Structures are given as C-alpha cells and as structure tokens.
Amino acid sequence: MTPAPSRAPAAPAGPPAPEGLNAARPLEDRAELLRWMKEQLHAEYGARPLDTAHPRRAPMHELISTILSQRTTHEDEEAAYHELRTLGDWDAIIDAPVEQVAHAIRRSNYPESKAPRIQASLRQIREHAPDYQLDFLADLPVKEALKWLTDLPGVGVKTASLVLLFNYARPVFPVDTHVHRINTRVGTIPRMGEQAAHRALLALLPPDPPFLYELHKNLLRHGQQVCQWTRPKCRVCVLRERCDAYAIYGDRVPSFSVK
Ligand code: SF4
C-alpha cells in the first residue's frame, strides 16, 4: 500500500528498539499487532460504525473546526467555531477584517495566526469550489485528495485525514495525540513525530475505511480513559500483554514524550 504523503519532514528516528520488543519486529508482525489491538479495543469499547451519510460534522465544518482545534480544548474549539460563523457565510468571513476574524476565534489558541490561515484556506477553497462543496474529494485518488487538503494553509495531514475518513470514507488514518501515544508505547511504530507516524501507521494498516475508523475512535477513547499522558492505567489495560512500555516499565510507565 502506498504510504500517505505529508509535507512535513520525517522526524529523526530514535535509537533502535531492543530485540524482542514490538518496535524491532518486521512490518508484518506489527501489522498483525495492530489487527489484534483493534479486536481488543472492539471487545472493550464496542463497534464504531462509519456512517458518512450522518457524519459528526459537514466537511467544511470539520475542516475549519480542526484548524481551530489545534492546541485548544474541544469546548473552546466549539465556541470559536460558533462565533466565527456569526460573522456570516464563508464569503463574508473571507471579506471580514482579519482582526475581526481573530477576535471571533479568540477562544482558540493562537487566534492571530489562525485567522489569516483560515481566510487564506477559504480563498483557496473558493477558487476550486465556489460553492464550498468538497465532495470532489470523494473521487480524487487518495494521494491527490490528501495533497489538495494539505496544500491549504494551516491544514496538516491529521486534519486532512479526518475530513477524508470521517466525511468521505477514504482509506486514511488520522493520527492524533492519543493514537500516536498508544502506538508508540505499544511499539507498533518506533519513536517518531506525529506527522511521520501517519505514514508509518498507514503502511501497516489495511485500506479498509470502517476498520480504520473504528480503530481511530477506539484508540481515542482508550487514550482518554486508560493510556493517558501521565500515569497510564496499565493494570486495567486490554493491550497490556503485548505492550512494549509495560514490558519495560511494568506499572511505572513514564509520562509520554516524543523526545
Ligand atoms: S499497558 Fe499501559 S502503556 Fe501500554 S497501552 Fe496499556 S495503558 Fe498504555
């Protein structure tokens, strides 16, 4: 399978994993480990059906909200999006003074840098799709769809992957902080940055959107409830028996850092 492209350079690889750990195993072993993880999480949290007829948000909403979500709580992201939309339709947001846009999204972190990026992205979208309908992404080859989205200012591969998987059931895998942390600890991927982890994980996963969606959603839940940033609850973790971090540290898995 062709790895997903990314504009970001790959993070430098860390030291090789000790022999016997997952991170040192061949690709096919780590692909099998991911399938096992998906089954374990399915048994723990249940099915998460991918329903593009009723996505959690419309494509433009997903796209702009995900830009707003960067380094921002979910509550503040929602508040910023809601106030942004009080400025009017997308054309009106493009035409508004950038200071007004920044003020509207002030609940999001870094509003001064996000405001011009949102306006530039909207302009770029309008040039290609004057009605702001992104449905053409459903028909583009996946690599081209990812490139089109990541060429928008402020849109990284995570945002692009969320839109493509959640709204258009394309075979990509969004890697957020939870997905990244759990996979690094279990050892399906070596230590690397979040951007590089997109390519590494996608190369191990089947091109099966319902599979990818369920795994993403259940990893998110597992990261929020069990494999947290600090003091992960390994004693109750369904991934424990095959987790590199648990094999090394036992009940004292350290706080997560990509350094
Ligand atoms: S065993 Fe601990 S470190 Fe490993 S995935 Fe589970 S909670 Fe995370």
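The values are calculated or read from the model by the stated rules, or taken from the named source; none is laboratory data. Worth saying up front: this structure is predicted, and the values here are computed from it rather than measured. As a convention, Cβ positions derive from the backbone with ideal geometry for all residues, glycine included, and neighbour counts pool all protein chains shown.
A few points about this structure:
- Restricting the search to helices (runs of 4 or more DSSP H) fully inside the stretch 136-248 and requiring at least 1 residues that are buried (at least 19 other Cβ atoms within 10 Å of the Cβ) and touching a His at 6+ places or on another chain (Cβ under 7 Å) gives 157-162, 177-186, 194-202, 209-225.
- Set P232, P210: member being away from the ligand (no atom under 12 Å from the Cβ), in contact (Cβ under 8 Å) with a residue 24 or more places away in the chain and out of contact with any helix residue (DSSP H, G or I) (no Cβ under 7 Å at 6 or more places or on another chain): P210
- Within the stretch 41-97, restricting attention to residues that are among the basic types (K, R) and surrounded by 16 or more Cβ atoms within 10 Å (Cβ to Cβ), the residue that is modelled with the lowest pLDDT is R57.
- Of all residues assigned to the stretch 180-194, at least one qualifies as being closer than 21 Å to E44 by Cβ, more than 10 Å from the ligand (Cβ to nearest atom) and at pLDDT 95 or above.
- Test: residue in the stretch 157-169 that is in the same structural domain as S113 (by TED's automatic domain parsing), without any contact (Cβ under 8 Å) to a residue 60 or more places away in the chain and more than 16 Å from the ligand (Cβ to nearest atom): yes
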